[in-house]
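Notes follow once the structure below has been shown.
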Amino acid sequence: MKNNSKSVSGNKIALASVFTVAGVVFCLISLVNHYLFKTYALDLGLYTHAMYDFLHGRIDDCSMFKNQPQSILGAHFDLYLFLLSPLIYVFGSYTLLVVQIVAVLLGGWGVYKLIGLYTDDDWLPILAAATLFFSFGVIHPLAFDYHSNVLTAMMLPWLLYFIKKRRFWQSSLLVVLFVLGKENLSLWLFFIAIGLMWDYRNDRKTLWHLLAYALFGLAYFLIINMMVIPKIGGEGISRYHHLGSNYAEIALQLVTHPGETIRLLFTNTSGFGQFDGIKAEFYFCALASGLVFTILKPNYLLMLIPLIGQKMLSSYHLFWGVSLQYSVEFMPILVVSSFMVIIKLKHHVLRMVLAVALLFSTLLTTFYTIGVPRSYVILDQTCIYQGRHYEQKNFDVHFAYEVIKQIPDDASVCAATAFVPHLALRAEIYDFFSRAGHVSADYVLITEPYFNYGLKDRPIFTNRNDYETVATDGTVFLLKRKSD
């Protein structure tokens with residue numbers, strides 16, 4: 001009895017330690033980056049400003065970076081921002097970053113609870129949560145602003161948990177929340193529900209719910225992408241125009257030319273040699289982070305089809321690699337399916353060896369993607385174990401905060417991209433670079449290099465004489481429009 005008590009106590013300590021370490025790491029990545037002005041107008045500034053607009057009865061028109069207004073819901077039909085907007089009164093410009101960190105921790109807790117339903121071993125659920133937390137697909141999104149697909153991906157373990165527990169009211173609520181993120185996630189829900197049908201093939205009630213979820217996800221996807229987004233001026237397939245001009249043409253192209261489709265999943269289609277090997281790098285990293293086990297659970301491979309398609313068939317090379325936010329949806333599927341495969345092994349020692357090996361492999365892969373990847377990575381935003389992560393080399397952070405305090409809350413501001421997220425909680429905020437050629441705002445906050453930037457041989461600050469400098473340290477400049 002005493003030994004069992006010690007074992008339970010040890011498991012609780014290990015569980016608390018994993019979540020504490022993960023929370024600290026996430027904060028050191030995300031919150032430190034924001035404090036040091038390593039977040040940007042796109043995307044954190046835009047999304048923060050959208051929440052401000054929602055609270056004031058407006059739908060953001062993307063004027064922060066577009067000369068021609070476009071509804072932000074046309075760019076991404078993301079309703080999470082509306083639901084989260086009241087939190088800006090609590091967390092200010094850090095709101096979405098805090099929400100994202102909490103979502104990942106809750107996602108890890110969901111993995112822990114879900115894996116616990118399949119095994120009596122107290123250690124495997126802890127190892128599963130740790131594997132999710134420290135995977136490259138989770139670490140890199142935290143290093144680059146905020147993205148709603150992170151929140152949705154972290155709902156997946158809970159969706160699987162409630163379905164397994166046959167708690168269909170909770171799972172149905174999660175299904176609704178699942179599709180409220182970006183417009184592509186409802187299609188992912190369709191594949192998730194279809195894939196799960198194999199596991200519940202002998203459970204008629206669960207099968208009916210899964211069928212309802214699949215049809216709901218597909219219907220939502222078609223309605224939002226083929227009717228709503230075009231109606232409000234959006235274009236969700238701009239990065240897939242090489243496959244067709246609409247969803248029907250794209251689907252027909254992929255089905256009728258399977259050989260070409262497979263080729264596109266693996267080859268560099270950008271025309272630039274520096275992007276060779278980017279797709280292969282992702283596949284190898286995914287294999288090392290659990291995909292090698294997922295192959296043994298084919299119905300979970302089915303869930304990866306829309307993720308692979310949207311990632312590798314895109315014309316945008318940043319989609320293909322291991323960095324940014326374009327891999328996060330893979331992680332809960334890889335982790336959950338891997339541990340389900342491991343759990344089925346008969347020998348306890350072998351289960352533990354493989355679980356620890358997977359965690360170790362995932363950690364090594366993450367370190368690789370932070371240190372020496374072929375993919376695009378901003379190294380000083382992820383390497384929390386190096387001093388450069390805690391430095392802002394381009395300007396004095398403390399002076400920048402002092403200058404920001406001088407700007408009235410009701411003033412319109414045009415700012416360098418690093419300053420925009422900190423100034424987004426106001427009616428008018430513009431990204432300086434996007435406003436190339438002419439600046440129209442009460443205040444301008446930029447750094448010295450911005451005076452000399454050009455776009456298509458056109459100088460950016462053409463109406464510089466309309467402004468006077470009110471504060472500067474020689475690197476950061478606060479300018480105010482001159483009185484008429």
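The values are calculated or read from the model by the stated rules, or taken from the named source; none is laboratory data. Given the structure is predicted, the values throughout are model-derived calculations rather than measurements. Every residue, glycine among them, receives a Cβ derived from its backbone with ideal geometry; neighbour counts consider all protein chains shown.
Miscellaneous remarks
- If you go through segment 328-367 and keep only what is of a type in the set (Phe, Trp, Tyr) and over 18 Å from Trp198 (Cβ atoms), you end up with Phe330, Phe360, Phe367.
- Sole residue being within 30 Å of Glu468 (Cα to Cα) and either hydroxyl-bearing (Ser, Thr, Tyr) or in the same structural domain as Tyr300 (by TED's automatic domain parsing) (or both), chosen from Ser361, Ser338, Ser375, Ser440: Ser440
- Checking the stated criteria, Ala400 turns out to be assigned to a helix (DSSP H, G or I) and in contact (Cβ under 8 Å) with a residue 12 or more places away in the chain.
- Matching residues, segment 45-96, being at pLDDT 95 or above, among the small types (Gly, Ala, Ser) and more than 19 Å from Leu180 (Cα to Cα): Gly45, Gly92, Ser93
- Residue within segment 197-208 that is surrounded by 22 or more Cβ atoms within 10 Å (Cβ to Cβ), at pLDDT 95 or above and either within 25 Å of Ala251 (Cα to Cα) or not assigned by TED's automatic domain parsing to the domain that holds Arg239 (or both) present: no
- Some residue of segment 117-127 being in contact (Cβ under 8 Å) with a residue 24 or more places away in the chain, more than 22 Å from Lys344 (Cβ to Cβ) and in the same structural domain as Ser361 (by TED's automatic domain parsing): no
- Residues satisfying the stated conditions in segment 384-403, i.e. touching a helix residue (DSSP H, G or I) at 6+ places or on another chain (Cβ under 6 Å) and surrounded by 18 or more Cβ atoms within 10 Å (Cβ to Cβ): Ile384, His389
Quick grid of which residues meet (1) closer than 28 Å to Leu324 by Cα; (2) touching a Gly at 6+ places or on another chain (Cβ under 7 Å); (3) not β-branched (Val, Ile, Thr):
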position	(1), (2), (3)
Ile378	yes, no, no
Lys393	yes, no, yes
Pro408	no, no, yes
Phe419	yes, no, yes
Thr475	no, no, no
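- Of all residues in segment 200-211 being without any contact (Cβ under 8 Å) to a residue 40 or more places away in the chain and assigned to a helix (DSSP H, G or I), the one that is nearest to Leu296 (Cα to Cα): Leu207
- Residues considered: Ala153, Ala103, Ala129. Of these, the only one that is under 15 Å from the mean Cα position of the chain (by Cα), farther than 20 Å from Leu210 by Cβ and among the aliphatic types (A, V, I, L, M) is Ala103.
- Note on segment 449-468: among residues that are part of a strand (DSSP E or B) and at pLDDT 80 or above, the one that is surrounded by the fewest Cβ atoms within 10 Å (Cβ to Cβ) is Glu468.
- The single condition from (1) more than 25 Å from Thr417 (Cα to Cα); (2) touching a residue at least 12 places away in the same chain (Cβ under 8 Å); (3) hydrophobic (A, V, I, L, M, F, W, C) that Val102 fails is (2).
- Residue count for segment 145-196 under the criterion of being crowded, with 20+ Cβ neighbours inside 10 Å and free of Cβ contacts under 8 Å to residues at least 12 places away in the same chain: the result is 0.
- Scan segment 24-69 for residues that are in a loop (DSSP other than H, G, I, E, B) and within 17 Å of the chain's Cα centre (by Cα) and the total you get is 3.
- Selection status of Phe82, outside any helix (DSSP H, G or I) and of a type in the set (A, V, I, L, M, F, W, C): no
- Pairs linking a residue in segment 244-269 that is free of Cβ contacts under 8 Å to residues at least 60 places away in the same chain to a residue that is surrounded by fewer than 12 Cβ atoms within 10 Å (Cβ to Cβ) and of a type in the set (Phe, Trp, Tyr), with Cβ atoms under 9 Å and 6 or more positions apart or on different chains, do not occur.
- Qualifying residue in segment 62-80 (condition: more than 30 Å from Leu291 (Cβ to Cβ), of a type in the set (Ser, Thr, Tyr) and surrounded by fewer than 20 Cβ atoms within 10 Å (Cβ to Cβ)): yes
- Among all residues of segment 20-42, there is at least one that is on the phi > 0 side of the Ramachandran plot and touching a residue at least 24 places away in the same chain (Cβ under 8 Å).
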